[in-house]
Amino acid sequence: MEATEKITRLLVNLVKARSYPGIPRQEETTVRELGAFLEAHGIRSIISEVREGRPNLLASVDSGRSGRHLLFCGHTDTVPPNAGSSVDLFAAVEKEGKLYGRGTADMKGALAAMAGALGDLAERKSLAAGKATLAAVIDEEMESLGAEALIRAGFRADAAIVGEPTSNRIAIGHKGLEWLSIEFTGRAAHGSTPEAGINAISAAAYFVRLVEE
């Protein structure tokens, strides 16, 4: 079987492995499929649970020679299927040279391609220096728990390729996010003397207006 066929078969298996929010052990089956593909190419995977049944996967090809470290990064979760859809979004149907199914673009297609690239590097032993790593992380669609766990574990690389869809164009940046928790402190006062108190709700509303501006 040609490399392209193997990668397409992996993608079909990844699409069939449902990994959207609300199902038990959400990303586990997807990670098992990736791990089996990599193992078939002689690549060992390190699988670590971020939450129960929700593991990150790390797999590397190391040249054995000093050099830079390239990261391939992708998320294993998807958004839920469309409510009331008359189409089986997990059938992974191929039509006119295209594969249709939940996650084919965002972003199991990229995961399959990156796993295929790692497999090719391992089989051809074509990495001249340094190493390449695939990080398949959980929970991008919600709170980015997988990426956060990766950073907290001390993972570092010199450069990264993120497989998010960008209309088939190469982009040199990727949006991030930050969760902020802000507390506003007030002071209670009698309703007849509001000037003696501090209204925390008014302060919060003023802050929101400043952010919007």
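The values are calculated or read from the model by the stated rules, or taken from the named source; none is laboratory data. Here the structure is a predicted model, which means the values were calculated and not measured. As a convention, Cβ positions derive from the backbone with ideal geometry for all residues, glycine included, and neighbour counts pool all protein chains shown. Each accessible area value is taken on the protein alone, full model and side chains, heavy atoms only, with ligands, DNA and RNA left out. Shrake-Rupley method; radii C 1.70, N 1.55, O 1.52, S 1.80 Å.
Would you check if there is a residue in the stretch 88-109 being in contact with a Phe, Trp or Tyr (Cβ under 7 Å, 6 or more places away or on another chain) and either at pLDDT 95 or above or part of a loop (DSSP other than H, G, I, E, B) (or both)?
Among the residues of the stretch 88-109, at least one is in contact with a Phe, Trp or Tyr (Cβ under 7 Å, 6 or more places away or on another chain) and either at pLDDT 95 or above or part of a loop (DSSP other than H, G, I, E, B) (or both), which makes the answer yes.
Residue pairs whose Cβ atoms lie under 8 Å apart, sitting 6 or more positions apart in sequence or on different chains, and linking a residue in the stretch 70-88 that is of a type outside the set (A, V, I, L, M, F, W, C) to a partner that is open to solvent by 60 Å² or more (accessible area, probe 1.4 Å) and assigned to a strand (DSSP E or B), are Gly74/Val162. When residues in the stretch 161-177 are screened for being under 27 Å from Pro81 (Cα atoms) and either polar (S, T, N, Q) or part of a loop (DSSP other than H, G, I, E, B) (or both), 11 of them pass.
Total residues in the stretch 124-160 satisfying the condition of being surrounded by fewer than 10 Cβ atoms within 10 Å (Cβ to Cβ), among the charged types (D, E, K, R) and either at pLDDT 95 or above or part of a strand (DSSP E or B) (or both): the figure is 2. Using the structure shown, decide if Ile201 is open to solvent by 40 Å² or more (accessible area, probe 1.4 Å) and in contact (Cβ under 8 Å) with a residue 24 or more places away in the chain. In short, no. Filtering the stretch 65-87 to residues that are farther than 25 Å from Thr166 by Cα and either at pLDDT 95 or above or charged (D, E, K, R) (or both) leaves Arg65, Ser66, Gly67, Arg68. Return yes when Gly163 is modelled with pLDDT under 95 and open to solvent by less than 60 Å² (accessible area, probe 1.4 Å) and no when it is not. Taking the combined requirement at face value, the residue satisfies it.
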